[in-house]
Amino acid sequence: MRIKACLIALLLVAFAHKSQSQVLITTTLPDTISHWEKTNTVGLDINQIAFVNWSVGGNNSVSILAKGHFIRKYAFKNISWNNELITKYGLNSQEGQETRKTDDQIQFNSTFGYRRDTVSNWYYGAKFNFNTQFANGYSYPNTTDEISGPFAPATIFLGVGAEYIRKDLGLNAYFSPLTDKTTLVLNQTLADRGAFGVEAAVKDADGNIIIPGKNSRTEVGILITNQFKRQVFKNIMLDQRLTLYTDYLNNFGNVDVNFQVQLDMTVNEYVKANIGTNIIYDDDIKSTREVDGAVVQGGPKIQLKQMLGVGLTYTF
């Protein structure tokens, strides 16, 4: 009887221990799953040239470019919401001349999409895009009369349409048959000149302003954007972007073009090199040149910017 009683007691203890363990396991809650993808990238490119008794000559110079790229993506079932902020600001200091701006950009993109099922690559979408810059721009060597500035211009696109997303290909295409484009020129001096397509000031015969220039211009038209971003070689990432826009009422068929191509080459975790080009044509942006110390406007021209840099990059 004693042996039987001991065996029963041992079984009861083992069963109680097992039950307690099961209770502890079932009360453990899983970690919360986030549907947000967050990427923050900041970088600094530095280029320096110095000469000492250099027989063929040259000027000492230092160039610095600070940049940031911040991404917030939400994807869950039928909803996709992509947000992107791009900032750049560069300066060049060269012996014998004042410091000059080399790059200046603030760009924010936000696209919201909804699809009928979780299989389709097509979304009903709405897009918001904002572009401006940090500081005044000049037609060097003239540093008295600015040709651009913060919110001069600032360009805003807001529209609805359809978006095609292929994550496996790194492809994103957006088409909007109804997009509002607003151009802001909050620098009154530039607005009076009619810069960036706004209505210029009305002046009398003596050149005195009767009616100030308008600070904004609104258009409604078709917007098409495309982005292709994927790794093309080991440690080399291609980022290609294209924006096409034409206004329904003002010279329909006259297309504004913004085309960007950039290659990001990774040396190691913190050192990266990049090479890129940016081509812009906008019929509302007039070219400028200096004549006898004054800035004079000309017709629209193709704008071209080329970039090559090596620097430090930190992603978190």
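The values are calculated or read from the model by the stated rules, or taken from the named source; none is laboratory data. Just so we're clear, the structure is a prediction, and the values are computed from it rather than from any experiment. Positions of Cβ are generated from backbone atoms using ideal geometry, with glycine treated the same way; all protein chains shown enter the neighbour counts.
Overview of values
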item	result
Any hit, the range 283-290, residues being closer than 30 Å to Thr39 by Cα, in contact (Cβ under 8 Å) with a residue 24 or more places away in the chain and among the hydrophobic types (A, V, I, L, M, F, W, C)	no
Residue selected from the range 244-257 under the condition in a strand (DSSP E or B) and touching a residue at least 24 places away in the same chain (Cβ under 8 Å), by the criterion surrounded by the fewest Cβ atoms within 10 Å (Cβ to Cβ)	Val257
Residue within the range 200-214 that is closer than 22 Å to Tyr138 by Cα, in contact with a helix residue (DSSP H, G or I) (Cβ under 8 Å, 6 or more places away or on another chain), modelled with pLDDT of 90 or more and not hydrophobic (A, V, I, L, M, F, W, C) present	yes
Selection status of Gln105, more than 15 Å from Thr225 (Cα to Cα), buried (at least 17 other Cβ atoms within 10 Å of the Cβ), out of contact with any Phe, Trp or Tyr (no Cβ under 7 Å at 6 or more places or on another chain) and at pLDDT 95 or above	no
The range 266-287, residues that are more than 23 Å from Gly137 (Cβ to Cβ), of a type in the set (A, V, I, L, M) and not in a loop (DSSP other than H, G, I, E, B)	Val271, Ala273, Ile275
Condition broken by Asp283, with the remaining ones in (1) in contact with a Lys or Arg (Cβ under 9 Å, 6 or more places away or on another chain); (2) of a type outside the set (Val, Ile, Thr); (3) surrounded by 12 or more Cβ atoms within 10 Å (Cβ to Cβ) satisfied	(1)
Near pairs, Cβ below 6 angstrom, 6+ apart or cross-chain, from the range 29-50 (over 23 Å from Glu269 (Cα atoms) and modelled with pLDDT of 90 or more) to any residue that is exposed (fewer than 11 other Cβ atoms within 10 Å of the Cβ) and of a type in the set (Asp, Glu)	none
Residue satisfying condition, being among the hydroxyl-bearing types (Ser, Thr, Tyr), touching an Asp or Glu at 6+ places or on another chain (Cβ under 9 Å) and closer than 29 Å to Ile46 by Cβ, within set Tyr89, Tyr74	Tyr89
Test: residue in the range 304-314 that is in a loop (DSSP other than H, G, I, E, B), out of contact with any Phe, Trp or Tyr (no Cβ under 7 Å at 6 or more places or on another chain) and surrounded by fewer than 15 Cβ atoms within 10 Å (Cβ to Cβ)	no
Some residue of the range 76-92 being within 25 Å of the chain's Cα centre (by Cα), among the hydrophobic types (A, V, I, L, M, F, W, C), closer than 26 Å to Tyr314 by Cβ and at pLDDT below 95	no
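A quick yes/no check of all residues on (1) under 30 Å from Val310 (Cβ atoms); (2) in contact (Cβ under 8 Å) with a residue 40 or more places away in the chain:
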| site | (1), (2) |
| --- | --- |
| Ser148 | yes, yes |
| Ile165 | no, yes |
| Leu223 | no, yes |
| Leu238 | yes, no |
